[in-house]
Amino acid sequence: MPIRDQLLALTDELRRLKSGGQRAVSVSDETLALLREAVVVEQARAEAGTEKTISMGKEGEPLSIPTEPPLVQLPAGDKQTRWNALHALVLNHPVCRAHVRPGKKIVLGVGSLGAKIFFCGEAPGAEEEMQGEPFVGPAGQLLTRMIQGMGLRREDVYIGNIMNWRPEMATNSDGMQYGNRPPTSLELNFCLPFLRAQLEIVEPQIIVALGATAAGGLLGQGTFKALGDIRGRWHQFAGKPVMVTYHPSYILRNQSNRSKRAIWEDLLQVMERVGLPVSEKQRGYFR
Ligand code: URA
């Protein structure tokens, strides 16, 4: 039922109670939050319905992102049941749907729901929004090789992003979007509850933040000047240790052994912390 009809039904019921002599009703915080979210979602749906193209607002801020992040309530049940519910929620969320381009996909994390390691990137790119899976483009292929270097398969870990759709950019005359940009703080804050819910389901031992945007989203934007100041060290998010390292796309742009060694040293720390065996050969990569 549309929110407008629900609100009309609610006011009718309140009127009925009042005419029957009831002076007060108690409303839980949870119900108020649900009501607030329903209004925000309806607003986004209405805006999406009237938007022909998604355009950039003032100072590059995309339009139609509610300032109120979504309230995510996972159902009871096993990990798969809860993940399926979250997947359905994100894929059907009007705000996500309003921002994903026609024919492209909203992207939630993938991998083992019992993973010890949760890799967190920035946002889907062109390949990811086509396939609906994080890290499947060139940076993703490198991430997969890094995971294999750790003696794991891609399916053994969980891979997600701070954001669930490809941040919109200007389009060319054919209506094709070109390039990528990092998510804005509004976009990050909006998608953060979806990331928290994935962490709640997977319950990893460790989060690996890939790059400055992921680190900023988890540790707080403005809490560090440069990635180099915080990478290779342990931080905390949602009660979990976070290792901050370079984004694989940085390695694709900067193929020096020094940068490969830096990211590898961070991953060696991760391996040690989750109790994975580290061979002499692995210890010596990129030396
Ligand atoms: N870069 C990211 O941060 N995430 C992806 O899913 C792909 C590229």
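Laboratory data are not the source of any read-out in this text; all were calculated from the coordinates shown. This one's a predicted model, so the numbers in the text were calculated from it and none came from an experiment. With ideal geometry, Cβ positions are generated from the backbone for all residues, glycine too; neighbour counts draw on all protein chains shown.
Quick notes on this one:
- When only the Cβ of Lys, Arg, Asp and Glu is charged (+1, +1, -1, -1), the dipole of segment 188-287 relative to its Cα centre reaches about 400 debye.
- Average projection area in nm² (convex hull over Cα atoms of segment 75-175, one quarter of hull surface): 7.2
- Cα centroid separation, segment 110-131 to segment 239-255: 14 Å.
- Remark: segment 157-287 projects, on average over all directions, an area of 9.6 nm² (convex hull of Cα atoms).
- Extents of segment 93-136, largest first, come to 35, 21, 15 Å (Cα atoms, principal axes, whole angstrom).
- Of all DSSP-defined beta bridges confined to segment 206-287, some 50% are antiparallel rather than parallel.
- Loop trypsin sites (Lys or Arg not before Pro), segment 154-252 (other Cβ atoms within 10 Å of the site Cβ: 12 or fewer; DSSP): 225, 233
- If only the Cβ of Lys and Arg carry +1 and only the Cβ of Asp and Glu carry -1, the dipole of segment 229-287 around its Cα centre is close to 160 debye.
- Sequence ranges 84-90, 279-285, ranked by mean other-Cβ count within 10 angstrom, highest first: 84-90, 279-285
- Over 28 Å apart at the Cα level, from the set 79/105; 105/281; 105/225; 225/260; 116/281; 116/260, are 105/281; 105/225.
- Under 5 Å, built H, 5+ apart or other chain: amide partners of residue 109: 161
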